[in-house]
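Student: One structure, pasted below without further comment.
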Amino acid sequence: MKNNKIAEYNATFRNRPALDIVRWGIVRANGHALVSTNFRPFEAVILHLCVQVQPDIPVLWVDHGYNRPATYRYAEKLCDRLNLNLKTYLPKLTAAHRDAIYGPIPNVDDEAELNKFSAMMKLEPFQRGMKELAPAVWITALREVQNPNRAKLDILAEDKIYSTIKINPVFYWTDTDMEAYLKQHSLPNEWDYFDPAKADEKRECGIHIK
C-alpha cells in the first residue's frame, strides 16, 4: 500500500467509529485477519470490537510465563465471555527454566539484558505465531496515549516486518473512552498487569516498532 493511500485512510479513519475501522480491516483481510492481545488493562475493548465482526477471529497471545495471577484470571474470563479463538504461543523455555539458567527478570536499568529477555521470551514466540497464522490484516489495541513511541504512530500502517496491514482502531481513544466502552458493554477489566519484557510503560518490547 502506497504511503499517500495510507495517509488518506488515516485522515478518513480519524473520525470514524472504531467498529467501522475493524469491519473495514476484516473485510479487506478476506478471511486472514488477526487480533493480538497481552490481556493488559482495557484489552476487552479491542477483543469485543473484533468478535462482533468476526466471532472466530484468531487471537494471538504470547504467554511468556511471567503474568500475574490476576492477568491469567482476566484472560480466562474474557475467553469465556467472548468465546475467543485464542492462539497461545509459548517461549521455548518455561519461566522456571529461564530463571534457573539466566537468573531473575532483568532490572529496568539493564537495557541489554532486557532486550535478551524480550527476544527469548516474547519476540521469538510472537514471530513464530505471526509466521504460522500469516495475517493479511493485524489488529491491535495500540493507543497514542500509551507512550512517546506510540504517539508517533497512527490508525493504519503497513508492517513490512510481518508483511501485513496493521490497524489500531482505538488509537485516539483516551482512558475515559475505554472505560466508557467497558461500562456500556459490561466488560471486565483488571489492573494488576506487568510486562517483564518492557519493565516500564515507556519502553517497547520490540513487537511494535515504527
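Student: Inside segment 72-90, can you point out the residues that are closer than 19 Å to Phe126 by Cβ, aromatic (Phe, Trp, Tyr) and in a helix (DSSP H, G or I)?
Tutor: Tyr72
Student: Of the residues that make up segment 151-163, is at least one free of Cβ contacts under 8 Å to residues at least 12 places away in the same chain, in contact with an Asp or Glu (Cβ under 8 Å, 6 or more places away or on another chain) and not acidic (Asp, Glu)?
Tutor: Yes: one or more hits.
Student: Let me ask something additional. Filter the helices (runs of 4 or more DSSP H) completely within segment 91-144 down to those with at least 3 residues that are at pLDDT 95 or above.
Tutor: Once the helices (runs of 4 or more DSSP H) in segment 91-144 are filtered for at least 3 residues that are at pLDDT 95 or above, what remains is 95-102, 124-133.
Student: Quick one: in segment 75-128, which of the residues that are of a type in the set (A, V, I, L, M, F, W, C), over 27 Å from Leu47 (Cβ atoms) and in contact with a Gly (Cβ under 9 Å, 6 or more places away or on another chain) is surrounded by the fewest Cβ atoms within 10 Å (Cβ to Cβ)?
Tutor: The selected residue is Ala96.
Student: Same structure again: Got a sec? Which of Tyr72, Tyr9 is farther than 23 Å from Leu133 by Cβ and either crowded, with 16+ Cβ neighbours inside 10 Å or at pLDDT 95 or above (or both)?
Tutor: Exactly one residue qualifies, and that residue is Tyr9.
Student: Among the residues of segment 165-178 satisfying the criterion of being without any contact (Cβ under 8 Å) to a residue 60 or more places away in the chain and not in a loop (DSSP other than H, G, I, E, B), which is surrounded by the most Cβ atoms within 10 Å (Cβ to Cβ)?
Tutor: Filtering segment 165-178 for residues that are without any contact (Cβ under 8 Å) to a residue 60 or more places away in the chain and not in a loop (DSSP other than H, G, I, E, B), the one surrounded by the most Cβ atoms within 10 Å (Cβ to Cβ) comes out as Lys166.
Student: Sticking with this structure for a sec: Every residue in segment 42-62 that is in contact (Cβ under 8 Å) with a residue 40 or more places away in the chain and among the charged types (D, E, K, R), please.
Tutor: Glu43
The values are calculated or read from the model by the stated rules, or taken from the named source; none is laboratory data. Note that this is a predicted model, so its numbers are computed, not measured. All Cβ positions, glycine included, derive from the backbone under ideal geometry; neighbour counts span all protein chains shown.
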